[in-house]
Amino acid sequence: MPEFTKFVEDLKRTRDEIRLQIHLASKELQEEWAEIESRWSVFESKAELDKSAKDVNDAVKILGAELKEALTRVRKAL
């Protein structure tokens, strides 16, 4: 689980960094950010549930990977 915990912490840090810059972004990026924030809530709640499980649910891994990809896109666009 330490690997997954690090992954979640990295996503949180990236999200926080981008959130500080997003107010200067284009409308298109702001809309993508709104979608990421919506998905973040789902991810975070599932990640909390999975902390106590032995194996991380595949759906949470996929959602995490999608969030990481979306955060990378937004960071590059900034």
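Which distance in nm do the two modelled labels at K68 and S38 give, with both placed 7 Å along the Cα-to-Cβ direction?
Those two pseudo-labels are separated by 2.4 nm.
Work out, step by step, the length gained on full extension between A59 and E28: first 0.36 nm times the residue separation, then minus their alpha carbon distance; give nm to one decimal.
On the way: separation 31, 0.36 × 31 = 11.16 nm, distance 2.70 nm.
Full extension of this stretch gives 8.5 nm more.
What dipole magnitude, in Debye to the nearest 20, does region 2-77 give about its Cα centre under +1 on Lys/Arg Cβ and -1 on Asp/Glu Cβ? Kindly include the intermediate steps, with their values, before the conclusion.
Details: 15 positive and 17 negative charges, 38 e Å.
For region 2-77, the charge dipole is close to 180 debye.
Sort L20, L67 by Cβ crowding within 10 Å, fewest neighbours at the top. Each step should come with its number before you reach the end.
Working: L20 8, L67 19.
Result, fewest neighbours first: L20, L67.
Over the chain, what relative contact order in percent results from Cα pairs under 8 Å that are six or more residues apart?
Values: 35 pairs, mean separation 36.3, N = 78.
So the answer I get is 47 percent.
How do E32, E66, E9 line up, fewest other C-beta atoms within 10 Å first?
Numbers: E32 18, E66 13, E9 10.
With the fewest neighbours first, E32, E66, E9 line up as E9, E66, E32.
Report, to the nearest 10°, how far helix 27-50 tilts away from the longest principal axis of the Cα atoms in the chain, using its own Cα long axis and a range of 0 to 90°.
Between the helix axis and the principal axis of the chain, the angle is about 10 degrees.
Quick one: net charge of K12's neighbours, Cβ under 11 Å, K/R +1, D/E -1? Don't skip to the end; give the middle numbers.
On the way: positive: K6, R13, R15, R19; negative: E9, D10, D16, E17, E44.
With Lys, Arg at +1 and Asp, Glu at -1, the net is -1.
Please compute, for the alpha-carbon atoms of the chain, the extent along each of the three principal axes and give them in descending order in Å.
41, 18, 15
None of the figures in this text is laboratory data; all of them are computed from the coordinates on show. All values derive from a computational prediction rather than experimental measurement. Methodologically, a virtual Cβ is constructed for each residue, glycine included, from the backbone with ideal geometry; neighbour enumeration extends over all protein chains shown.
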